[in-house]
1. Listed residues HIS220, HIS241, HIS200; which is on the phi > 0 side of the Ramachandran plot, at pLDDT 95 or above and either under 13 Å from the mean Cα position of the chain (by Cα) or not charged (D, E, K, R) (or both)?
2. Out of the residues in the stretch 255-267 that are of a type in the set (A, V, I, L, M) and crowded, with 18+ Cβ neighbours inside 10 Å, state the one that is nearest to ASN222 (Cα to Cα).
3. For the stretch 123-165, name all the residues that are over 17 Å from LEU94 (Cα atoms), surrounded by fewer than 19 Cβ atoms within 10 Å (Cβ to Cβ) and among the β-branched types (Val, Ile, Thr).
4. Could you tell me whether LEU109 is closer than 20 Å to LYS147 by Cα and either among the aliphatic types (A, V, I, L, M) or touching a strand residue (DSSP E or B) at 6+ places or on another chain (Cβ under 8 Å) (or both)?
5. Just one of the numbered conditions (1) within 18 Å of LEU190 (Cα to Cα); (2) out of contact with any helix residue (DSSP H, G or I) (no Cβ under 7 Å at 6 or more places or on another chain) is not true of ARG88; which one?
6. Please go through the stretch 98-139 and give me each residue that is in a helix (DSSP H, G or I) and under 22 Å from the mean Cα position of the chain (by Cα), ordered by number.
7. Answer yes or no as to whether ALA277 is small (Gly, Ala, Ser), at negative phi, open to solvent by less than 20 Å² (accessible area, probe 1.4 Å) and in a loop (DSSP other than H, G, I, E, B).
8. Provide a single number: the residues in the stretch 173-199 that are under 12 Å from LEU213 (Cβ atoms), in a strand (DSSP E or B) and open to solvent by 10 Å² or more (accessible area, probe 1.4 Å).
Amino acid sequence: MLSGPTCSGYFPSLARKSSNISYLHHNGGWLCFYDTTILQLDVLKIYNRKLSSIMVTFSKIMTERLLLRALKGGSNTKIITLNGKKIRKMPSALEKLPGLRTLDLQNNLISKVCPELSTLTQLTLLNLGNNLLEEVPEEIKYLTSLKRLHLFGNRICRIATGVCDGLQELIMLNLNNNQLTSLPQEVGRLRNLTYLSINHNQLTMIPTEVCSLENLYELHLNYNQLMYIPEEIKLLQNLRHLFLVRNNIEVLPEGLCHLKKLKLLDIAGNVIQIFPAGFQELKLREFYCEGNPLFVKQPITAKLPKVIWTLQKVMLEDLSHKKPMPKVLCCM
């Protein structure tokens, strides 16, 4: 155990030399990490703000060590996880890890991917959530084995041309909490996609190509600016869960009623007034519609003639054209 203000002056060099520090105390704050021989930080908690530079230095050292250790594994290295390490640039050394299957770099400061990312053709999971990306980069189209792609919590406002061409194995795409205003038509090429989530973006419409994703099981479009859902949604015959919360949808398409496998529908917080014909045929297990001005049936407005006669006038006019009734005598 080390304590006192003097340790702050040489802590980075101490971290390089020591292989098994279990407890470090500094002015009421503490660092606790175990088994540094496997280079994994367990708990880091410092109350003294003057140690912020030490934290950054220590994190960088640990990141470099993890990468060196991974590189030594070469093609045998399958997983790299570097969450929350304040990484600003993806390591170019990734090209030396051809057998990598999982790359998790979420909660960092990455604004651009490195070209070497395109060499990871065995990668099945890529997590770049909560970074500073402004686009879905072109390099991703070369990840032909990718099955799960997490890009949530960035600043993405565009998808590079051709990205979807190489992602034929992709089954899950998470683009939540970005700045997308539209989706490219080529998204319809993701034929194996089963889960698509684009919550908290700025979409104003859904391209009909999304409706060609015949294997889609779950679709999340909450908190966008959608005005309507295309009639072609009826083509998503394997869709089970559909989330449309907090949009500007006024009318549900009749095509929705053809989704025989749909089990969960959430349309809360829209401006929907009526249900389409055949809506009662859906076999829903969960249905949420609060926050909509709904009618059970569409109100009918009667068309009145230009000239409206009162009932009394109609009766008087009718009587004026009739002859008087003959008297009938009844004898008993």
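1. HIS200
2. ILE267
3. THR161
4. no
5. Among (1) within 18 Å of LEU190 (Cα to Cα); (2) out of contact with any helix residue (DSSP H, G or I) (no Cβ under 7 Å at 6 or more places or on another chain), ARG88 violates only (1).
6. GLU138, GLU139, listed by residue number.
7. Answer is no for this residue.
8. Number satisfying all stated conditions: 2.
The values are calculated or read from the model by the stated rules, or taken from the named source; none is laboratory data. Quick caveat: nothing in here was measured; it's all calculated off a predicted structure. Don't worry about glycine lacking a Cβ; one is built from the backbone with ideal geometry, like all the others, and counts go over all protein chains shown. Remember, those area values only see protein heavy atoms, side chains included, never the ligands or the DNA or RNA. Shrake-Rupley method; radii C 1.70, N 1.55, O 1.52, S 1.80 Å.
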